[in-house]
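Novice: First the structure, which I've put down as structure tokens, then a few questions once you've had a look.
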Amino acid sequence: MKVTREELLHIAKLADLNINENEVDKYLLNLQDILNFANIVNEAPVEGLKETIGSNNNYNVFRKDEIVEFENKEGLLENAPEKELNMFKIPKVI
């Protein structure tokens, strides 16, 4: 399937993109490359393949949520724009 200049300009208009006349050939080439690759992927043989969710055995990489007492509270609050009762003071959010 070959993308025409008119199709590219129509797609650009739908996407609200401003493409200069001197950029049209570059975008045509890039879009054609993307469509060619998609065609290769669509024609890949998948008969007999089992469904795969992931390619490795991932596990939860997040650390356990633990309360840790911060030792240098004054140093932490030094850069606070406002503080009150040894805590950051932030604007009320509703």
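Novice: Criterion first (modelled with pLDDT of 90 or more and either aromatic (Phe, Trp, Tyr) or in contact with a Cys (Cβ under 8 Å, 6 or more places away or on another chain) (or both)) does Phe62 satisfy it? Walk me through it before giving the result.
Specialist: Working: modelled with pLDDT of 90 or more: no; either aromatic (Phe, Trp, Tyr) or in contact with a Cys (Cβ under 8 Å, 6 or more places away or on another chain) (or both): yes.
Criteria not met by Phe62.
Novice: Scan the stretch 3-16 for residues that are of a type outside the set (D, E, K, R) and open to solvent by less than 90 Å² (accessible area, probe 1.4 Å) and jot them down.
Specialist: Val3, Thr4, Leu8, Leu9, Ile11, Ala12, Ala15
Novice: Another one. Scan the stretch 27-81 for residues that are in a loop (DSSP other than H, G, I, E, B) and either in contact with a strand residue (DSSP E or B) (Cβ under 9 Å, 6 or more places away or on another chain) or surrounded by 10 or more Cβ atoms within 10 Å (Cβ to Cβ) (or both) and jot them down.
Specialist: Those that are in a loop (DSSP other than H, G, I, E, B) and either in contact with a strand residue (DSSP E or B) (Cβ under 9 Å, 6 or more places away or on another chain) or surrounded by 10 or more Cβ atoms within 10 Å (Cβ to Cβ) (or both): Ala80, Pro81.
Novice: Okay, next question. Does Ile19 satisfy the criteria of being modelled with pLDDT of 90 or more and either hydroxyl-bearing (Ser, Thr, Tyr) or open to solvent by less than 60 Å² (accessible area, probe 1.4 Å) (or both)?
Specialist: yes
The values are calculated or read from the model by the stated rules, or taken from the named source; none is laboratory data. Here the structure is a predicted model, which means the values were calculated and not measured. Neighbour counts are summed over all protein chains in view; Cβ atoms, including those assigned to glycine, are modelled from backbone coordinates with ideal geometry. Just the protein is used for accessible areas: all its heavy atoms, side chains included, with ligands, DNA and RNA removed. Shrake-Rupley method; radii C 1.70, N 1.55, O 1.52, S 1.80 Å.
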